[in-house]
1. Quick one: in region A:374-397, of everything that is free of Cβ contacts under 8 Å to residues at least 60 places away in the same chain and surrounded by fewer than 15 Cβ atoms within 10 Å (Cβ to Cβ), which residue is farthest from DNA strand B (Cβ to nearest atom)?
2. Go through A:133, A:162 for me and flag whichever is surrounded by fewer than 19 Cβ atoms within 10 Å (Cβ to Cβ), away from DNA strand B (no atom under 11 Å from the Cβ), more than 23 Å from residue A:412 (Cα to Cα) and touching a residue at least 40 places away in the same chain (Cβ under 8 Å).
3. Could you pull out the residue among A:173, A:156 that is surrounded by fewer than 20 Cβ atoms within 10 Å (Cβ to Cβ), in contact (Cβ under 8 Å) with a residue 12 or more places away in the chain and away from DNA strand C (no atom under 16 Å from the Cβ)?
4. Of the residues that make up region A:398-407, is at least one free of Cβ contacts under 8 Å to residues at least 60 places away in the same chain, more than 15 Å from DNA strand B (Cβ to nearest atom), surrounded by fewer than 17 Cβ atoms within 10 Å (Cβ to Cβ) and farther than 30 Å from residue A:566 by Cα?
5. Determine which single condition residue A:471 fails, assuming it passes every other condition in (1) touching a residue at least 12 places away in the same chain (Cβ under 8 Å); (2) away from DNA strand B (no atom under 16 Å from the Cβ); (3) surrounded by fewer than 17 Cβ atoms within 10 Å (Cβ to Cβ).
6. In this structure, is residue A:199 in contact with a strand residue (DSSP E or B) (Cβ under 6 Å, 6 or more places away or on another chain), modelled with pLDDT of 95 or more and either crowded, with 23+ Cβ neighbours inside 10 Å or not in a helix (DSSP H, G or I) (or both)?
7. If a residue has to be part of a helix (DSSP H, G or I), surrounded by 15 or more Cβ atoms within 10 Å (Cβ to Cβ) and more than 19 Å from the chain's Cα centre (by Cα) to count, how many in region A:101-129 make the cut?
8. Out of the residues in region A:592-601 meeting the condition of being away from DNA strand C (no atom under 16 Å from the Cβ) and touching a residue at least 24 places away in the same chain (Cβ under 8 Å), tell me which one is surrounded by the fewest Cβ atoms within 10 Å (Cβ to Cβ).
DNA sequence: GTATTTCGGTTTTTT
DNA sequence: ACCGAAATAC
């Protein structure tokens, strides 16, 4: 083996363990890859090595990652090593691979290949409808919770029948009933939810041997990245794809890469068991450890190692680096989240002016999406360019969902959730009553729509509105049948549905941005067409919808080494798999991180700690940890003690910085008191000395300047109606109103 | 049927 | 503080 190591271009610059991992063959392989140990490089080189040296054809390779971005990078890197023939490999996510298989096998398995893909909020909506039908009190049986329990069952490959048999508690019995109805409605809607994509694929492979044989004989190499984040369903899927000798086909070679210390998705069914017991599951397996870290300085690694050591249920492992100690880690205790954001910003500017690090090299991590806000406000005010990854996602905005719902119905009219969404959006006079009438017909909503006049007690006006809508959808569907390009159909929808008109006619300034979002979506469709044509693939509404349904947060991380020159903000979960020269790990407080919801269960605390480990190991050179003594949550200030993870880091590698002594911040001059009143009054001091007359001009703290147009009451009950221009007429109780006469 | 106001839940984390 | 759903008003 050492001869190959010396000469082979695919082994150049790799350490001995990495080389072993690249060239290993003949049995299942588990690569235990610590953070920053070069696992992506090993994976891509292994694929290239298989193609170049082992006579493996590209179409025989399937590599599965968790995000499109990771898949895209891997494909690119393999292509750079072996050239364009890399194209026929399957390098995709679990979910995309499953969609592809399901579409290919649709006719065998008995469903239409133009199925809709329901995301979490679609699932919750469907559960809400079922709950209504069953007369369940949504307070006692929250649809969200029921949907989550169904999802958990699916991740364990437990179907409705099994679930019913196993149900013990009352809530489980209720969920069992919902689960059965839920699956039925999905089937009627020709829709799969995220969990179904995996579960149904497993089902297809298990129930149709001829389908399974197709994939079994094609894929000779199956590689799985981030194996520690696979759930049971994904585990079984991999097992089915690899197969056993009993199938009569040689099993595929399996190579999985993972790090139990970076398992952070137990909450959605990922089980560390899959990696811890790999050797039991595959008795002939070989395990290779990658423990040398090429990413971070020793101080950063020492901090990460010190933290993760506190997890009891863990196999010992020690990452090491030979790149020197590097700078100390910097700690900062902020007054509140605004101060924390200002500190981070000032440090970013300082690092830039001292030429240590650029904004594009910098990431800010936090535990929950809501924490991004303080940073956004401060950065925006000071024109520090940034990009928030995730959070209120583009595809979750109402107007975007409405628009996509049109396309979904055009692709699949039986998609009930989408049809309900658009039937009266924009408002066209089809209210709850009209919809209830259609439902009474006992046929799919789409069919009812086409026969609206037969609906029980149909009002003439409602029927006319429904027929108008049906006509609209039928004419749009003709475009789909004529194979018109998705972007053109999208434009037609925007135009004919009046969705665009509604927004452009609106007074609300935010509607302008919403309209831009929809135009952006048309641009996304054009981009999709360009991409597919480059690959020589067909374009279709279904293909476009698939692409937008399976986007992940991490897919929108700005490309390139310097991330477009902007600071990147994201949750710790999204940060997995990335690295940055400079990292700010913020909100290091009990109840925030570890999150308050995790404090009860030791296993959940351990998951939080792994999350901390992930965060710490993203940093290459400069690591900053910060916490706020006060933080606003649910509208009122909360005080949290320092995160336990801070005290788990050896003191000598953190340097705590004192807050700068700052002048008391100036009051916004617009609302500064003019001194006409006897005492300087706080916001709740009764404003007793204020005497107003009609026509007086006043200044209001929030509404700005206004004119008194009416007066009523006296003394403590004195009220004034004041016109504030764009804020309209307001009736205010003068005792409390923050107004002054000018 | 629609607009406006109130209320209540939300903040884990995501394919 | 904020957003969406439900209750209420129009």
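1. Selected residue: A:383.
2. Just one listed residue meets the conditions, A:133.
3. Exactly one of A:173, A:156 is surrounded by fewer than 20 Cβ atoms within 10 Å (Cβ to Cβ), in contact (Cβ under 8 Å) with a residue 12 or more places away in the chain and away from DNA strand C (no atom under 16 Å from the Cβ), namely A:156.
4. No: zero hits.
5. Here residue A:471 meets the rest and fails (1).
6. no
7. Residues flagged as part of a helix (DSSP H, G or I), surrounded by 15 or more Cβ atoms within 10 Å (Cβ to Cβ) and more than 19 Å from the chain's Cα centre (by Cα) within region A:101-129 amount to 10.
8. Result: A:595.
The values are calculated or read from the model by the stated rules, or taken from the named source; none is laboratory data. Remember, predicted model here, so these are calculated numbers, not experimental data. Positions of Cβ are backbone-derived with ideal geometry, glycine not excepted, and every protein chain shown enters the neighbour counts.
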